[in-house]
Amino acid sequence: MARRVCPVWIGYLLLSPLRKLRQDPDSILGQHLKPGMRVLDFGSAMGYFSIPMAKMVGQSGKVVCVDIQEGMLQALMKRAGKAKVEKIIEPFLITGPVIDLGEFANKIDFVLLFAVAHEVPDQDLLFREIAKVLKPGGILLFSEPSGHVSKPEFFASVKKAEKQGFQQVEELIIRRANSLLLKKV
């Protein structure tokens, strides 16, 4: 499914506490998530953002964690158990070349797509599936690493999202990233 898939062993490096100095999940997500929300973390890996998201949405919420590597989701669930949020997190493994999130259609309030779209060969399909799962008015936080994805490449991806019914809401300032909030219209 992916062109440049992050190896499982790199997932441990992405969990480094030093990462919080430039990409703190609470600062990035805190104003967008509320208790009881249903959120989806596409490309969740080992849960750098997923576990803080689970704490933000609380016991009445749900975090669907989507990844293509079983090893990433296994490590995520182990970490979720240690953080006592395993009942809030629902792992979802994509096993083939097709992204199908239909079981979550119109059930999700917020989607995080952080540093993963550049790994997906069919971004049109990716944004179509994200649009499918979001409720009307739902929010997509879309961010790509500026070291891997140029501004023109990022905005080419944004155009693909807009073709699927997304509207730009706000540019976000996240260190070493091109980032936008988009709304499903």
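So, in the stretch 26-43, exactly how many residues are within 14 Å of residue 143 (Cβ to Cβ) and surrounded by 24 or more Cβ atoms within 10 Å (Cβ to Cβ)?
3
Those residues that are buried (at least 16 other Cβ atoms within 10 Å of the Cβ) and among the charged types (D, E, K, R), I need them from the stretch 147-185; list them, please. Listed by number, the residues that qualify are 160, 183, 184. A Cβ distance below 6 Å, combined with a sequence gap of six or more or placement on separate chains, defines the contacts here; from the stretch 118-142, residues that are within 18 Å of residue 153 (Cβ to Cβ) reach residues that are open to solvent by 20 Å² or more (accessible area, probe 1.4 Å) and modelled with pLDDT of 95 or more in the pairs 123/160; 124/160; 127/160; 127/164. At least 2 residues being closer than 22 Å to residue 172 by Cβ is the threshold, and among the helices (runs of 4 or more DSSP H) wholly inside the stretch 1-119 those reaching it are 25-29, 50-57.
The values are calculated or read from the model by the stated rules, or taken from the named source; none is laboratory data. What you see is a predicted model; the values in this text were computed from it and never measured. Cβ atoms come from the backbone with ideal geometry, glycine included; neighbour counts cover every protein chain shown. The accessibility values were calculated without ligands, DNA or RNA, using every heavy atom of the protein model including side chains. Shrake-Rupley method; radii C 1.70, N 1.55, O 1.52, S 1.80 Å.
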